[in-house]
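Each remark here refers to the structure printed beneath this line.
What follows draws every value from the coordinates through simple rules; no lab data is involved. Treat the numbers as computed from the prediction; the structure is a model and nothing was measured. Cβ atoms come from the backbone with ideal geometry, glycine included; neighbour counts cover every protein chain shown.
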Amino acid sequence: MKRTDFYYDLPEELIAQEPLKDRSSSRLMILDKNTGEIEHKHFYDIVDELNEGDALILNDTKVLPARLYGQKEGTGGAIEFLLLHKHTLDTWEVILKPGRKAKPGARFVFGNGELKAEVLDVINDGNRLVKFEYEGVFEEVLDKLGEMPLPHYITHKLEDKNRYQTVYAKNPGSAAAPTAGLHFTPELLEKIKAKGVNIGYVTLHVGLGTFRPVKADDILEHKMHSEFYILPQETADLVNKTKSNGKRVISVGTTATRVLETVGMENEKLEQKTGWTNIFIYPGKEFHVIDALITNFHLPESTLIMLVSALAGRENVLNAYKTAVQEKYRFFSFGDAMLIK
């Protein structure tokens with residue numbers, strides 16, 4: 001399969017720059033994965049699409065305000081850090097801009113000296129391993145000094161950090177939000193529970209590799225970055241029970257999907273597991289766990305549109321995206337949603 005098989009034309013004005021005032025009032029396209037039939041609703045109508053006994057699986061990762069702006073000690077040169085992965089308590093893998101000259105021993109300062117960093121090593125893809133120095137709790141210092149690492153296609157400044165966070169975010173560690181979950185409100189989740197739908201949680205800390213463009217012409221040559229995940233026993237039991245009862249497992253987002261399918265590839269019944277996944281799902285790959293998927297509209301030629309094409313069929317997905325463009329849906333992180341059922 002070619003990368004260009006997953007291209008679609010998107011007018012720039014359809015890229016959502018800001019979240020809607022009411023999370024659940026975004027539009028919802030419903031795509032039947034078997035027939036390709038399309039319906040248009042609003043996200044709060046998702047309650048009508050879920051049945052008693054179904055399991056809704058959410059990714060409870062929390063986005064870190066992982067973008068830091070500071071200066072190089074000695075020269076005062078401006079620097080931007082983007083935190084990717086924690087290695088130990090105070091050492092992180094980061095992307096530096098500009099970073100070509102940041103050799104081991106280079107030091108940087110942020111805020112009024114509340115946070116300092118020293119480069120320890122040059123590692124994967126030219127990223128740096130840095131050690132932070134601070135007083136108090138790192139997450140609190142980061143929350144004060146850091147900004148949300150919004151994707152490059154969002155050019156507007158985000159006024160409220162919490163709008164790039166799901167209402168159920170709990171475990172800090174992501175460099176980007178699991179955006180399919182941004183549409184849920186506490187009230188909507190309560191309505192879903194009241195209908196008899198069971199809610200379970202997994203954690204996948206979203207790295208920037210999720211959004212890394214596919215550059216190879218043949219998609220099979222693309223290498224996925226690894227991301228850390230946790231599948232709790234409680235969620236594994238819920239999925240197993242749901243499947244044995246003949247009910248549906250509905251994944252919220254491609255990230256939750258990747259956790260379930262990573263573990264489901266190896267085990268007929270899911271069990272608690274923690275690890276790293278670099279699973280790449282594209283047309284022809286079999287789904288072992290999920291029956292339906294709630295997701296946003298993804299970038300052309302991305303691994304994410306390839307994943308949804310694996311579930312619903314490439315032609316159905318591209319037709320749905322063409323329809324979304326015609327109907328002026330809002331695209332990407334702060335955009336509208338799709339239910340593939």
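Among complete DSSP H helices in the chain, those whose alpha-carbon atoms stretch at least 15 Å along the helix's long axis and whose mean Kyte-Doolittle hydropathy reaches 0.0 are 253-264. Considering only V214, A175, T203, the residue lying farthest towards the positive end of the dipole of the stretch 169-301 is T203, judged by Cα position with unit charges set on Cβ. Straightening the chain between E135 and T185 buys 14.5 nm, computed as 0.36 nm per residue apart minus the Cα-Cα spacing.
A simple charge model with +1 on the Cβ of Lys and Arg, -1 on the Cβ of Asp and Glu and nothing else charged puts the dipole of the chain at about 480 debye relative to its Cα centre. Using just its DSSP H runs of length 4 or more, each adding -39500 (n - 2.57), the chain gives a mean residue ellipticity at 222 nm of -6000 deg cm²/dmol after division by all residues.
Simple rule: put +1 on each Lys or Arg Cβ and -1 on each Asp or Glu Cβ in the chain, find the dipole, and look at L120, V47, A292; the Cα lying farthest toward the positive end is L120. Between K101 and H152, the distance separating the two model label sites (each 7 Å from Cα on the Cα→Cβ line) works out to 2.3 nm.
Packing here is the average count of other Cβ atoms within 10 Å per residue, and on that basis the peptides 2-11, 122-131, highest first, run 122-131, 2-11. Extension gain for K215 to N171 (0.36 nm times residue separation, less C-alpha to C-alpha distance): 12.7 nm.
Within the shell defined by Cβ-Cβ distances under 10 Å, the residues around M224 carry a net charge of +2, with Lys and Arg each +1 and Asp and Glu each -1. Here the relative contact order of the stretch 58-132, from alpha carbon pairs under 8 Å that lie six or more residues apart, stands at 25 percent. Bridging of K144 to lysines at a Cα separation below 22 Å is possible for K62, K72, K86, K97, K116, K131, K157, K161, K170, once same-chain residues fewer than 8 apart are set aside. Neighbours of W276, meaning other residues whose beta-carbon lies under 15 angstrom from its beta-carbon, give a summed charge of 0 when Lys and Arg score +1 and Asp and Glu score -1.
Rounded to the nearest 5, what % of the DSSP beta bridges within the chain are antiparallel ones? Approximately 70 percent, going by the DSSP bridge assignments.
What is the local net charge at D54, summed over the other residues whose Cβ is closer than 14 Å to its Cβ (Lys, Arg +1; Asp, Glu -1)? Net charge in that neighbourhood comes out at +4. The convex hull of the Cα atoms of the stretch 34-189, projected and averaged over all directions, covers 13.2 nm². Projecting each Cα onto the charge dipole of the stretch 238-341 (Lys/Arg +1, Asp/Glu -1 at the beta carbon, about the Cα centre), which of V249, T323, L304 comes out farthest on the positive side? Value: V249. Of the peptides 270-280, 57-67, 225-235, the order by per-residue mean of other Cβ atoms within 10 Å, starting with the highest, comes out as 57-67, 225-235, 270-280.
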